[in-house]
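Engineer: One structure coming up, written as structure tokens, with questions to follow.
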Amino acid sequence: MDNLNSNPLTRPYSRKDIGWRLFLKTIIARSYPRIVGQQRELSWVLFEILLPMFAVCTYVFVYRALNAPEEYIGFVVMGGAMTAFWLNVLWSMSSQLYWEKQQGNLQLYIIAPNSMMAILLGMAVGGMFATLLRAVTVTIFGTLVFSVKFEIVSYLQLFAVFTLTMIALYGMGMMMASAFLLFGREAWHIANLAQEPIFLASGFFFPIKFLPFWVAAGASLLPLTLGMDAMRQLVFSSATSIGFLDVATEIWILAGLAVLFIVASKYLLAYVEKLAVREGRITESRR
Amino acid sequence: MQTSTSWRSFRMAAWLGWVIESNWTDPFLFAVYSIVKPLSGAAILVIMYGVITEGNFGSALFPYIYLGNAFYIYVGAVMTGVSWAVVDDRELYKTLKYMYIAPINIPLYLLGRGGARFVVGSIAVLITILTGVFFLNVKINLAEVNWGLFFVSLTIGIIMLALIGLMLAGFTLVTARHEGFIGEAVAAALYIFSGAVFPLDVLPEWLRPVGYFMPTTYWLELLRRSLVGEVANAFPTLSQFSNLEILGVMIGLSILFGLVSIWIFKICDHIARENGMIDRTTNY
């Protein structure tokens, strides 16, 4: 018996993580490459900050050419920072299971004894943190270079809006990841298509109030639309008059969206996983 | 019938590029994809303009912004298209090594791949301009358009963009784990420095010389002048120069950028061959 215990191949597990402990460890393990691994490739960090900055500069100069009021410069800086989150959700959340499938990792995820939901949550937590660093950099750059002045109306509401926006946004990303699992070659194009139209519909660079009411209402299903509208109202005091809805209402809607997307992602993931296994799409790699 | 290696390389690459670009879905979704993306980009600028000017689309600045943005689609399509072919073939399809040992001309093969993007880009440019003309008061009088200047500028500009794309393809060959960042970053930078959607005078004074050194600045100016002459002259940046002078500057800069691009591609291609980078995958 002693011999069996001293042999690492035959020794029983000293501690087997199951239940919430396994769930939590999976989240940490999946978020690790996002938080630590991505920072190791410094050129990625540079490009991921540089590209939103170029967009910010372009739209700021357009507003300057139009002699727009100064708060619009601030809107662009905020929009540019939030761009980083949308691109992260699109390319590193929604498309992620598709990439994993292409790389051959997806079947390993499926056969591993952990929850796919924990994997998605880990991706979300890690992505959110890593992107936050980039968004803060873009905001600092824009603020310093273009002399943007913030007048924060309520720190508490601002914190609530940002947190709820992030939860709802990454919840939506988790939901979309399930849908992307079914895509083949079209996944790349679909993700590519969801850039400019979303920048337009969500009012990344202008107040959403200027879109027709029903268009703005429809776009409000995307958490960033109401999140940015509320943040504008809370960060630029002059923006209250061009808010789409009042901040309190937007906070309630964002809370509803957060719950909706996370619950929906759980059910959709289970359904799509079953469908993908049944139709043999887990290991399919169409290029 | 025998054809030259160069023409065959270009023609087959263009066909391959077109098939890759278009056959991932049905024609309807492909058409929607090709139209929605550029129109959304234009719509962002239109709304920004409309919000600030309270819908005064009669100002000279509007066609300046709108046409500059429309023709800039070519930069993303052609320039980035050529360099993206390296990422596509090496990282995704893993076929670049086969292309290198096949009896084809590699630079022309890459340029051909950009040719397919040119076709898709042209559809987007045309639809964007037609939308502006029919719905947004962009006044283009076909009888007054300087067609000669338009086609000469367009042709030289596309060749210039393709050659800059070749330079980026060279950099991509010797770079790991960057996917499309190089092409995207250069396209985004040129968008600012070429005065595509705002006159160069809006840039801080110390940044303007960068814009004056870019052939795309003169290319966009000539395209605007050929379509809506008096509007393009409304801004002081290049108004003191005649069309011929701007054309001369553009040709000179295009030749300079073209030669530098070919030279850089040759160096990068040599490094990639010598260091075994042709079949080195780092993204997938």
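The values are calculated or read from the model by the stated rules, or taken from the named source; none is laboratory data. Please read these numbers as outputs of a predicted model, since none were measured by experiment. When we count neighbours, we look across all protein chains shown, and the Cβ atoms used for this are built from the backbone with ideal geometry, even at glycine. With ligands, DNA and RNA removed, areas are computed over all heavy atoms of the protein, side chains included. Shrake-Rupley method; radii C 1.70, N 1.55, O 1.52, S 1.80 Å.
Engineer: If you scan the range A:23-40, which residues turn out to be surrounded by 14 or more Cβ atoms within 10 Å (Cβ to Cβ) and within 12 Å of another protein chain (Cβ to nearest Cβ)?
Structural biologist: Within the range A:23-40, just A:Q38 meets the criteria.
Engineer: Is it the case that B:I101 is open to solvent by 10 Å² or more (accessible area, probe 1.4 Å) and within 11 Å of chain A (Cβ to nearest Cβ)?
Structural biologist: no
Engineer: Kindly indicate whether any position in the range A:128-142 is open to solvent by 50 Å² or more (accessible area, probe 1.4 Å), of a type in the set (K, R) and modelled with pLDDT under 90.
Structural biologist: no
Engineer: What residue, of A:A187, A:A255, A:A264, is within 14 Å of another protein chain (Cβ to nearest Cβ) and in a helix (DSSP H, G or I)?
Structural biologist: Step by step, each of A:A187, A:A255, A:A264 is checked, and only A:A187 is within 14 Å of another protein chain (Cβ to nearest Cβ) and in a helix (DSSP H, G or I).
Engineer: Right, next: Determine, yes or no, whether B:L29 is assigned to a helix (DSSP H, G or I) and either of a type in the set (G, A, S) or surrounded by 17 or more Cβ atoms within 10 Å (Cβ to Cβ) (or both).
Structural biologist: The answer is no for B:L29.
Engineer: Quick check on my filter: what residues within the range B:69-93 are small (G, A, S), within 15 Å of B:I20 (Cα to Cα) and open to solvent by 10 Å² or more (accessible area, probe 1.4 Å)?
Structural biologist: Once the filter is applied, which keeps residues that are small (G, A, S), within 15 Å of B:I20 (Cα to Cα) and open to solvent by 10 Å² or more (accessible area, probe 1.4 Å), the range B:69-93 yields only B:A77.
Engineer: Which residues, taken from the range B:1-55, are of a type in the set (D, E) and at pLDDT below 85?
Structural biologist: B:E21, B:D26
Engineer: Say we look at the range B:225-282 and pick out the residues that are closer than 21 Å to B:I106 by Cα and of a type in the set (G, A, S); which of these is surrounded by the fewest Cβ atoms within 10 Å (Cβ to Cβ)?
Structural biologist: B:G276
Engineer: Test each condition in (1) under 30 Å from B:P103 (Cα atoms); (2) in contact (Cβ under 8 Å) with a residue 60 or more places away in the chain; (3) open to solvent by 40 Å² or more (accessible area, probe 1.4 Å) for B:A14 and report the one that comes out false.
Structural biologist: For B:A14, the exception is condition (3).
Engineer: I've got another one for you. Looking only at the range B:32-59, how many residues end up being surrounded by 14 or more Cβ atoms within 10 Å (Cβ to Cβ), without any contact (Cβ under 8 Å) to a residue 12 or more places away in the chain and farther than 30 Å from B:L110 by Cα?
Structural biologist: Adding up the residues that qualify gives 9.
Engineer: Quick one: A:I110 ticks every box in (1) modelled with pLDDT under 90; (2) touching a Leu at 6+ places or on another chain (Cβ under 7 Å) bar one, so which box is it?
Structural biologist: Every condition holds for A:I110 apart from (2).
Engineer: Let me ask another. Please verify whether the range B:152-166 includes one or more residues that are in a loop (DSSP other than H, G, I, E, B), open to solvent by less than 40 Å² (accessible area, probe 1.4 Å) and farther than 30 Å from A:W99 by Cα.
Structural biologist: no
So that you can scan it fast, the table gives a plain yes or no per residue for (1) in contact (Cβ under 8 Å) with a residue 60 or more places away in the chain; (2) touching a Lys or Arg at 6+ places or on another chain (Cβ under 9 Å); (3) open to solvent by 40 Å² or more (accessible area, probe 1.4 Å):
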{"position": "A:M53", "(1), (2), (3)": "yes, no, no"}
{"position": "A:Y59", "(1), (2), (3)": "yes, no, no"}
{"position": "A:A68", "(1), (2), (3)": "no, no, no"}
{"position": "A:E71", "(1), (2), (3)": "yes, yes, yes"}
{"position": "A:S94", "(1), (2), (3)": "yes, no, no"}
{"position": "A:L97", "(1), (2), (3)": "yes, no, no"}
{"position": "A:E100", "(1), (2), (3)": "no, no, no"}
{"position": "A:Q107", "(1), (2), (3)": "yes, yes, yes"}
{"position": "A:N114", "(1), (2), (3)": "yes, yes, yes"}
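Engineer: Then there's this: Quick one: in the range A:190-210, of everything that is part of a helix (DSSP H, G or I), at the interface with chain B (Cβ under 7 Å from one of its Cβ atoms) and not aliphatic (A, V, I, L, M), which residue is most open to solvent (accessible area, probe 1.4 Å)?
Structural biologist: In this case the residue turns out to be A:F210.
Engineer: Oh, and also: Kindly indicate whether any position in the range A:149-156 is assigned to a loop (DSSP other than H, G, I, E, B) and within 14 Å of chain B (Cβ to nearest Cβ).
Structural biologist: no
Engineer: Can I ask one more? Can you say whether B:E221 is in contact with a Gly (Cβ under 8 Å, 6 or more places away or on another chain) and open to solvent by 40 Å² or more (accessible area, probe 1.4 Å), as far as the supplied structure shows?
Structural biologist: no
Engineer: What is the number of the single condition among (1) open to solvent by 30 Å² or more (accessible area, probe 1.4 Å); (2) within 16 Å of the chain's Cα centre (by Cα); (3) at pLDDT 95 or above that A:I262 does not meet?
Structural biologist: (3)
Engineer: Turning to a different aspect of this structure: Do we find that A:A201 is touching a Phe, Trp or Tyr at 6+ places or on another chain (Cβ under 7 Å) and over 23 Å from A:I152 (Cβ atoms) in this structure?
Structural biologist: Spelling it out, it is not the case that A:A201 is touching a Phe, Trp or Tyr at 6+ places or on another chain (Cβ under 7 Å) and over 23 Å from A:I152 (Cβ atoms).
Engineer: Can you name the residue in the range B:20-34 that is among the hydrophobic types (A, V, I, L, M, F, W, C) and over 11 Å from A:P197 (Cβ atoms) and, of all such residues, is nearest to the other protein chains (Cβ to nearest Cβ)?
Structural biologist: B:W24
Engineer: Filter the range A:50-91 down to residues that are touching a Ser or Thr at 6+ places or on another chain (Cβ under 6 Å) and under 20 Å from A:Y170 (Cα atoms) and give me whichever is nearest to the other protein chains (Cβ to nearest Cβ).
Structural biologist: A:P52
Engineer: While we're here: Could you list all residues from the range B:179-227 that are in contact (Cβ under 8 Å) with a residue 60 or more places away in the chain, facing chain A (nearest Cβ under 10 Å) and not in a helix (DSSP H, G or I)?
Structural biologist: Hits for the range B:179-227 are B:E179, B:G180, B:G195, B:A196, B:V197, B:F198, B:P199.
Engineer: Kindly indicate whether any position in the range A:95-105 is of a type in the set (D, E, K, R) and away from chain B (no Cβ under 12 Å).
Structural biologist: Among the residues of the range A:95-105, not one is of a type in the set (D, E, K, R) and away from chain B (no Cβ under 12 Å), which makes the answer no.
Engineer: Something else about it: Could you say which residue among A:S178, A:S220 is more than 14 Å from every other protein chain (Cβ to nearest Cβ), in contact with a helix residue (DSSP H, G or I) (Cβ under 7 Å, 6 or more places away or on another chain), polar (S, T, N, Q) and open to solvent by 10 Å² or more (accessible area, probe 1.4 Å)?
Structural biologist: The match here is A:S220.
Engineer: How many of the residues making up the range A:143-158 are open to solvent by 30 Å² or more (accessible area, probe 1.4 Å) and more than 19 Å from A:L245 (Cβ to Cβ)?
Structural biologist: Number satisfying all stated conditions: 9.
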